[in-house]
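**Q** One structure follows; several queries about it will come next.
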Amino acid sequence: MVWQTIWGQIVDLTLVAVLLRVMTPILLASLGGLISDIGGVINIGLEGLMLLSAFTSIAVGSSTGNWAVGVLAGVATSVLVSYGMGFFSLKMKVDIIITGFAVNIFGSGFTIFLMSKLYGMTGNYSPSGAPRIPTVNIPFIEDVPVLGKLLSGHSLMVWIALFSVIFCIFLIYRTPYGVHLRSVGEAPYAAQSLGIPAKRIQYSALAWSGVFAGLAGAFLSNGLTNMFVKDMTAGTGFLALAVVLLGNRNPIGILIGSLIFGLASALATIVQTVPNSPIPSQFIQMIPYVVTIAVLVFFALRNKRRLATMP
């Protein structure tokens, strides 16, 4: 029954739609983690940034009646907190890992506090009539039997995530800023001796990380569910960090890694819809995290083999 359901979803192309929806926040957060990692300021606080953006986006979007204003507010909040991370880690010399974990704890606690004080809710906030991020229906293509389901009817944020991969390739490998970013990440003092403003570059890397994490969080609340649930990221920020490693710090590799993790999450979502499934629900919910552990083991073995072959 389970495999018949999964195969039916594949044939019906429903799995593709679920995969793209689930993959989008992972991909966006991973691209943010990639830029900060290349700049030498790894952002462990992606989870907290996504939570803050998700709450701000749904709160502002519902109060203004405009989803775009909500998304921009969520991104702005994420960028502002990212600059705060930069202040503590780059100016005050606090360890960047500790700063990131502090942001994760702050994001979880502060969103619950605001939800309780502003709306009197403790578990979730679901405003009635809140605008959602629109879907993109491509004329003519949407009526084509197979191609229509593959390319049309997806959320605008799905397309933003896919085009963000191209943008990151151009930003990192085709611009002077990208050269400076990679130089600062590999040897900050050497880059600074050549006149490259290392601190400014690292602040901007954290800001870019905040932009992409903000988009990911806004999609969770304004695109996937149209509501905010406490700790709704459910480890997506940490999955994104694993994707950065799996993708070998490359935008195309990160896209492939996001597809792998998205597929694991999509399969878990589909299997949970099977009535009277013989597979325990707890085991199904483990699938994305088991894949994470397997990927990290694979990455460690690959690095060990590479080091063993070096002269």
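**Q** Taking only C-alpha pairs under 8 Å that are 6+ residues apart, what is the relative contact order of region 159-259 in percent?
**A** Relative CO of region 159-259 lands at 19 percent.
**Q** Quickly rank 170-182, 193-205, 74-86 as a protection proxy: mean count of other C-beta atoms within 10 Å, highest first.
**A** 74-86, 193-205, 170-182
**Q** Express in whole angstrom the spacing between the alpha-carbon centres of region 246-264 and region 19-97.
**A** If we compute the Cα centre of each part, the gap is 19 Å.
**Q** Between Ala190 and Asp231, what is 0.36 nm times their sequence separation minus the Cα-Cα distance? Round to one decimal in nm.
**A** In short, 10.7 nm is gained.
**Q** Which lysines have a Cα less than 30 Å from the Cα of Lys117, not counting those fewer than 8 places away in the same chain?
**A** Lys230
**Q** Starting from the Kirkwood radius over alpha-carbon pairs of region 142-249, derive D by Stokes-Einstein at 37 °C in a medium of 0.692 mPa s and give it in µm² s⁻¹.
**A** So the translational diffusion coefficient is about 198 µm²/s.
**Q** Could you grab the relative contact order for region 58-122? Cα pairs under 8 Å, six or more apart, rounded to a whole percent.
**A** 15 percent
**Q** Under a plain spin-label model, where a point goes 7 Å from the Cα along Cα-to-Cβ, how far apart in nm are Phe101 and Ser128?
**A** Roughly 4.4 nm, to one decimal.
**Q** Another question, then. Roughly how many Å² of Asp95 are accessible to a 1.4 Å probe, to the nearest 10?
**A** 80 Å²
**Q** Please give the net charge around Phe106, taking every other residue with its beta carbon less than 15 angstrom from that of Phe106, where Lys and Arg add +1 and Asp and Glu add -1.
**A** -1
**Q** What is the chain's relative contact order, in percent, from Cα pairs under 8 angstrom and six or more apart in sequence?
**A** 33 percent.
**Q** Sticking with this one: Once phi is turned into θ = phi - 60°, what whole-Hz ³J(HN,Hα) does the Karplus curve with 6.51, -1.76 and 1.60 give for every residue of region 229-241, x standing for Gly and Pro?
**A** These are the phi-based 3J(HN,Hα) values: 10, 4, 6, 5, 5, 6, x, 4, x, 6, 4, 4, 5 Hz.
**Q** I'd like the accessible area for Leu239: 1.4 Å probe, protein heavy atoms, all chains in place, Å² to the nearest 10.
**A** Counting only protein heavy atoms, the figure is 10 Å².
**Q** Sum -39500 (n - 2.57) across every DSSP H segment of at least 4 residues in the chain, then divide by the residue count to get the 222 nm mean residue ellipticity, nearest 500.
**A** Per the formula, -24000 deg cm²/dmol.
**Q** Still on this structure: Can you pull the accessible area of Ile293 for me, 1.4 Å probe, Å² to the nearest 10?
**A** In the full protein context, Ile293 sits at about 110 Å².
**Q** Moving to a separate point now. Taking only the Cα atoms of the chain, how large is their convex hull per residue, in Å³?
**A** In the chain, the Cα convex hull volume per residue is 167 Å³.
**Q** Starting from the Kirkwood Rh over alpha-carbon pairs, what translational D in µm² s⁻¹ does region 159-217 have by Stokes-Einstein at 37 °C and 0.692 mPa s? Please report the intermediate quantities before stating the final value.
**A** On the way: Rh = 12.2 Å.
Translational diffusion coefficient: 269 µm²/s.
**Q** If you stretched the chain out fully between Trp159 and Val16, how much longer would it get, using 0.36 nm times the residue separation minus the C-alpha to C-alpha distance?
**A** Full-extension gain reported as 50.1 nm.
The values are calculated or read from the model by the stated rules, or taken from the named source; none is laboratory data. As the structure is a prediction and not an experimental result, all values here were calculated from the model. Ideal geometry is used to build each Cβ from the backbone, glycine not excepted, and the neighbour counts take in all protein chains shown. Calculation scope for accessible area: heavy atoms of the full protein, side chains included, ligands and nucleic acids excluded. Shrake-Rupley method; radii C 1.70, N 1.55, O 1.52, S 1.80 Å.
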